[in-house]
Amino acid sequence: MVVYDLACPLEHRFEGWFESAASYETQRERGHLSCPLCNSKEITRMPSAPYLRGAGEHSAPEGERQPMMMVAGELVSALRRQVIQQVLALTEDVGEDFPDVVRDMHYGESESRNVRGVATPEALEELHEEGIDVLVFGMPDTLGSTH
């Protein structure tokens with residue numbers, strides 16, 4: 001298992017966990033990787049912190065590793081479909097008004113509710129800079145926004 005620090009052209013940084021270096025390259029080349037903030041598929045690998053460790057710093061002892069679960073194969077597709085169905089069932093589609101709607105909710109100008117919609121990478125960056133957290137993930141066209 002390898003963990004890479006990744007980034008998109010907007011300099012959003014995030015971690016990616018891969019079975020191997022070859023697995024990372026294959027997923028990147030096939031366009032399976034995307035930025036969780038702006039959904040860009042132009043992903044680059046950044047220098048990883050473990051390789052920049054300073055003198056005197058040590059790895060956590062074997063018994064202190066964080067628990068994790070990894071899932072692969074058809075189960076991933078099934079789980080993704082379930083998540084998308086839940087998001088669709090529990091949110092209101094505000095379409096292209098998404099940035100304005102979440103901004104109004106954040107600043108108390110409208111009642112808070114669960115919404116989904118679309119936004120440009122620039123609008124997502126502005127929301128992020130204002131401290132407004134949104135979850136970004138790709139949806140199949142057949143299940144996405146109706147706008």
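The values are calculated or read from the model by the stated rules, or taken from the named source; none is laboratory data. The model shown is predicted, which means the values in this text are computed figures rather than measured ones. All Cβ positions, even for glycine, are placed from backbone atoms using ideal geometry, and neighbour counts span all protein chains on display.
Of all the listed residues (Leu79, Leu124, Leu143, Leu75), the sole one being surrounded by 11 or more Cβ atoms within 10 Å (Cβ to Cβ), part of a helix (DSSP H, G or I) and modelled with pLDDT under 80 is Leu79. Beta carbons closer than 9 Å, at least 6 apart along the sequence or on distinct chains, pair a first residue in the range 24-47 that is free of Cβ contacts under 8 Å to residues at least 40 places away in the same chain with a second that is of a type in the set (D, E, K, R) and part of a loop (DSSP other than H, G, I, E, B) for Arg28/Lys41; Gly31/Lys41; His32/Lys41; Leu33/Lys41. Considering the range 17-44, and only residues there that are assigned to a strand (DSSP E or B) and modelled with pLDDT under 85, the residue that is farthest from Glu130 (Cα to Cα) turns out to be Phe18.
Please tell me if Met68 is within 17 Å of the chain's Cα centre (by Cα), of a type outside the set (Phe, Trp, Tyr) and at pLDDT below 90. No; evaluated as a whole, the condition is false for this residue. Pairs meeting the criteria (first residue in the range 106-133 and basic (Lys, Arg), second residue part of a helix (DSSP H, G or I) and at pLDDT 90 or above, beta carbons under 9 Å, at least 6 apart or on different chains) are Arg113/Val101; Arg113/Met105; Arg116/Phe98.
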